[in-house]
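Read-outs throughout are calculated quantities, based only on the coordinates presented, and are distinct from any laboratory measurement. A quick note: this is a predicted structure, and the numbers were derived from the prediction, not measured. FYI the Cβ positions are ideal-geometry reconstructions off the backbone, even for glycines, and counts take in every protein chain you see.
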Amino acid sequence: MYIFENNATLKSESEFYELQNKAEFYKNIKIVGKNKNGELYFQCNHLYENKCSIYPHRPPICRKYPNYKMIRYGGKLLENCGYQIAPRKKFSYFID
């Protein structure tokens with residue numbers, strides 16, 4: 001996952017550590033890499049065998065997944081994700 005702060009993705013590890021000191025949620029995730037644009041990406045500490053181990057008590061960010069910002073910024077659903085995204089109307093509707 002990516003973290004948006006002030007309408008931008010995090011690129012600085014020190015900025016992430018500051019967030020961890022400000023909000024409890026960020027203590028539940030860890031940095032797992034950086035993409036070619038220098039954006040940090042993260043993984044939840046509560047994933048075991050690719051499943052949420054605290055599902056009934058998951059935080060709001062997880063309850064709202066997937067959200068429009070993720071798709072808007074080029075994010076994709078994981079291959080094994082149970083969610084599906086489909087347009088409300090076919091493209092031809094807007095052309096006609």
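Fewest neighbouring Cβ atoms within 10 Å first, the residues 48, 2 line up as 48, 2. Inter-label distance, residue 84 to residue 43: 2.8 nm, where each label sits 7 Å from its Cα along the C-beta direction. The angle between the Cα long axis of helix 13-22 and the longest principal axis of the Cα atoms of the chain comes to about 80 degrees, rounded to the nearest 10. Computed from the C-beta positions of residue 2 and residue 93 and an R0 of 25 Å, the FRET efficiency is 0.20 to the nearest 0.05. Could you compute the FRET efficiency for residue 27 and residue 69, with r as their C-beta to C-beta distance and R0 at 25 Å, rounded to 0.05? So, using R0 = 25 Å, E works out to roughly 0.65.
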